[in-house]
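What follows is one structure encoded as structure tokens, with my remarks underneath.
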Amino acid sequence: MVAKSKVSLTNPLTQTILLLIVITLCLVQIYNHSQIPELNYQELNNARTSQEKPAMIATSSTSQQEDQEVLFNNNKRHFHGTEKFDPSVWKNLEPSRAVPPHEQAVQVGHGDLGCVRQTNHTRRHALMRVIVFQKDGQTQLQNLISHYIQALRYDEIVIINHDGNDPFTLEIIDEYAQLGVHVWNCNGTSSEVMSRDEIAKGLMWSDVISMYKSDSEFLLPVDVDEHLMLRMGAKPGSPFHNGSYITWNRDDLSMALSELSTSGKFYKTVNATVIPYDCGMSKSQIRVNRTMVPICIAKIFFRGVDFNGTDAGNHYGIPRDEFAYKCQNDGVENVYEITNFITVHHQVTCFNDWLLHSLRVANEKGLTDKAVNCSQQDSRRVVEICNLWHSFAAANFSVWKMKDIYQDRVCSMLRRDESGNSSWDDLFVGY
């Protein structure tokens, strides 16, 4: 009698095969999902009541291709409108990762933490400069740039590539560099300089951002899954009501920024989460607290003149512990300026995205060994991924069982009750 062989799920070869299968599934899903029309935040207007919404400034198809000027009221500077994104210009682009030989490379850093500028674009004053810290962001990076370019110029965006070596992502960065996006390469994590990778990230991020503070009216540090949006039709800190709507364009952005206080405080945004399209929702939605009052851990942005550094998560600013303590004890409204800006987190957009990310992190963090103790990991997120890996292994990596886990741990937390609201008093806003 021949004994049946048993495949070890902790075997590196088995894990590699599983990862390839998941990547294939994800690519198929991405192709299928590409047939879905691009999300339009202005569709929220369809869910409004008969109350009249403030008129939005219309831009003609001709003027979209021109470099329009928008008056920034605080200091009478003029800022040029965003160039219309045309994917066809990508076809004949040549890679240019390195700084031209005749240009002197700009480098900043602390000890073995270093960042080197990879582009040498002409600098224009920016209404808001977005600085994204990413590693191998792939399609997330594409989605992020496609979002921000609806309100900003390409040269108002800075990409920090931290130890990234994924060919697809590097190609994306090359193409955006040709369009005017500023690019920096950063390397180094903890080593002898810092005891934690998170502190190192904050230092590298702050070093690069500081290079742009003198020619940027506002500075917005973001991770690759963070899309800034703007709530219009209500005062900052007031509840979300039927007259409110979500938007993202340069005219509204310029107007909203011009109305912000010049107190010197950092600006708090309100956290929101995208609901995955395969969680059974009838249309794309985001989940945001209806009170529109930010919590202490919500993301922040800065005036250029006020920037002196940020923490690894861009939650508090520097000194992090001091701001965190004041916020918890004195109240967020007494430490930060409350705004109508919303940071929408695109962390999970579908099952395949969630599964691929979970498997990749589990592999990178060495969590695939049965002997790993999840409770001893150094962050809540890693503990969550560790527990997920063990759940996958217990399910023998069955796709159907892993989908059940996804429904239970992701979708069920986002489902609404019969009145349309969740138990957290959150609002589900269509867009």
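Some observations on this one:
- FRET efficiency, 1/(1 + (r/R0)^6) with R0 41 Å, evaluated for Ile318 and Asn363 via beta carbons: 0.80
- Checking the Cα-Cα distances for Lys135/Lys401; Lys201/Lys235; Lys213/Lys265 against a 27 Å cut-off, the pairs over it are Lys135/Lys401; Lys201/Lys235.
- Taken one residue at a time, the phi angles of the range 378-386 give Karplus couplings (6.51, -1.76, 1.60, θ = phi - 60°) of 8, 8, 4, 5, 5, 4, 5, 5, 4 Hz. Gly and Pro are set to x.
- Estimated dipole of the range 240-306 in Debye, rounded to 20 [Cβ of Lys and Arg +1, of Asp and Glu -1, Cα centre]: 180 debye
- Note on Gln138 and Ala371: the extension gain reaches 80.7 nm, defined as 0.36 nm multiplied by sequence separation minus the Cα-Cα distance.
- Rg ratio (alpha-carbon, reference 2.2 N^0.38 Å) - the range 333-385: 1.65
- With the highest mean first, a sort of the peptides 373-379, 210-216 on other beta-carbon atoms found within 10 angstrom per residue produces 210-216, 373-379.
- Residues whose amide H comes within less than 5 Å of that of Gln138, counting only those at least five positions distant or on another chain, are Thr169 (H built at 1.01 Å from N in the peptide plane).
- Filtered trypsin sites (Lys or Arg not before Pro), the range 349-399: DSSP coil and at most 12 other beta carbons within 10 Å: Lys370
- Phi-derived couplings, Karplus 6.51 cos²θ - 1.76 cosθ + 1.60 at θ = phi - 60°, listed residue by residue for the range 119-133: 10, 9, 6, 5, 8, 10, 4, 9, 5, 9, 9, 9, 10, 9, 9 Hz, with x used for Gly and Pro.
- The residues of the range 334-382 expose on average 50 square angstrom of accessible surface per residue, using a 1.4 Å probe on protein heavy atoms.
- Between Met292 and Phe240, the built amide H atoms are under 5 Å apart, and every one of these is 5 or more places off in sequence or on another chain.
- Each Lys or Arg adds one and each Asp or Glu subtracts one; over the other residues with Cβ under 14 Å from the Cβ of Gln140, this totals -4.
- Looking at the range 197-297, the accessible area is 33 square angstrom per residue; that uses a 1.4 Å probe and ignores ligands, DNA and RNA.
- Hz values of 3J(HN,Hα) by residue in the range 356-368 - Karplus curve (6.51, -1.76, 1.60), Gly and Pro given as x: 4, 5, 5, 5, 5, 5, 4, 6, 5, 8, x, 9, 8
- The range 272-404, accessible surface, carbon-and-sulfur percent (1.4 angstrom probe): 49 percent
- Percent RCO, i.e. relative contact order, over the range 339-389, from Cα pairs under 8 Å lying at least 6 residues apart: 36 percent
- Solvent-accessible area, 1.4 Å probe, carbon plus sulfur percent, for the range 127-190: 42 percent
- For Leu228, the residues whose amide H sits under 5 Å from its own are Val344, ignoring neighbours fewer than 5 places away on the same chain, with H placed 1.01 Å from N.
The values are calculated or read from the model by the stated rules, or taken from the named source; none is laboratory data. Remember, predicted model here, so these are calculated numbers, not experimental data. Neighbour counts are summed over all protein chains in view; Cβ atoms, including those assigned to glycine, are modelled from backbone coordinates with ideal geometry. In case anyone asks, the SASA skips ligands and DNA or RNA and just uses the protein heavy atoms, side chains included. Shrake-Rupley method; radii C 1.70, N 1.55, O 1.52, S 1.80 Å.
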